[in-house]
1. Sorted from largest down, give the three principal axis spans of the alpha carbons of region 31-130, whole angstrom values.
2. Using alpha-carbon pairs under 8 Å, 6+ residues apart, how would you state the relative contact order of region 31-130 in percent?
3. Please compute the Kirkwood hydrodynamic radius over region 130-218, one decimal place, Å, based on all pairs of different Cα atoms.
4. Can you tell me the orientation of helix 141-150 relative to the chain, as the angle in degrees between its alpha-carbon axis and the longest Cα principal axis, to the nearest 10?
5. Treat the count of other C-beta atoms within 10 Å as a stand-in for reagent exposure and order K89, K6 from fewest to most.
6. Restricting to Cα pairs below 8 Å that are 6+ residues apart, what does the relative contact order work out to for the chain? Please round to a whole percent.
7. Cα extents of the chain along the three principal axes, largest first, in whole Å?
8. For region 31-130, compute the number of Lys pairs whose alpha carbons are separated by less than 16 Å, excluding pairs fewer than 8 positions apart on the same chain.
Amino acid sequence: MEIKTKAKKILELLDEFYPKDIKCYLNYETPWQLLIATILSAQCTDDRVNMVTRDLFKKYKSVSDFAEADLEELEQDIKSTGFYRNKAKNIILCTRTLLEKYNGEVPKNIDELTQLAGVGRKTANVILGNIYGIPSIVVDTHVKRVSYRLGLTKFTDPTKIEFDLMEILPKDHWIRYNTQIIAHGRAICTARNPKCAECFLLPYCQYGLEERMNVISD
């Protein structure tokens, strides 16, 4: 099956089984809060980040509060998210740049966003999609795993996966695909012991069909 035809079938099924509403799994009230939460989410679960930011955003109430934070104190505040030394340093540098260059506002340009400390394409695309409604593809661990298993990409590098998906998927589905695949990755296409037998995407899943054949041959 031609890959764009396959992708169209997959998107139709995702729309049938998952809500079309855009859902962000990180809790936030302002653009800068989402930016910091996404920086914290690297190598950390969204649930853990939400537990940390619940108190963090009460303590640091503005971009200025983070920019002026004591490094060691901030490290302890975010320690449970992992890689806390780099994250704390990047958050302080990032918020200082927001104040110095953007008057405390979060830019809406991917090139400007990725110049901020601690911000890669994934974080930038989270901001573009959730804050500014700009079509973007966020390659988190679920999107990476499920897209690869479905055969929508042959790469494991997040940037290469992002560009593959941008080429295959219609632009108006980019943000929706992110949230639907995250939901699917959490519920069905888990990293370990995926529930292939229960998966409505099985007919289009390269990984699942191969696993099924292996079970039959055994």
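Just so it is clear, none of the values below were taken in a lab; they were calculated from the coordinates. Remember, it's a predicted structure, so these values are computed and weren't measured experimentally. All Cβ positions, even for glycine, are placed from backbone atoms using ideal geometry, and neighbour counts span all protein chains on display.
1. The Cα atoms of region 31-130 stretch 31, 26, 21 Å along the principal axes, largest first.
2. Details: 104 pairs, mean separation 30.3, N = 100.
Value for region 31-130: 30 percent.
3. Numbers: mean 1/r = 0.0735 Å⁻¹.
Computed over region 130-218, the radius equals 13.6 Å.
4. Between the helix axis and the principal axis of the chain, the angle is about 20 degrees.
5. On the way: K89 15, K6 18.
So the ranking, lowest neighbour count to highest, is K89, K6.
6. On the way: 244 pairs, mean separation 44.0, N = 218.
Once divided by the residue count of the chain, the mean separation gives 20 percent.
7. Largest first, the chain extends 61, 33, 28 Å along its Cα principal axes.
8. On the way: K59/K79; K79/K87; K79/K89; K87/K122; K108/K122.
Lysine pairs satisfying the spacing and distance rule in region 31-130 number 5.
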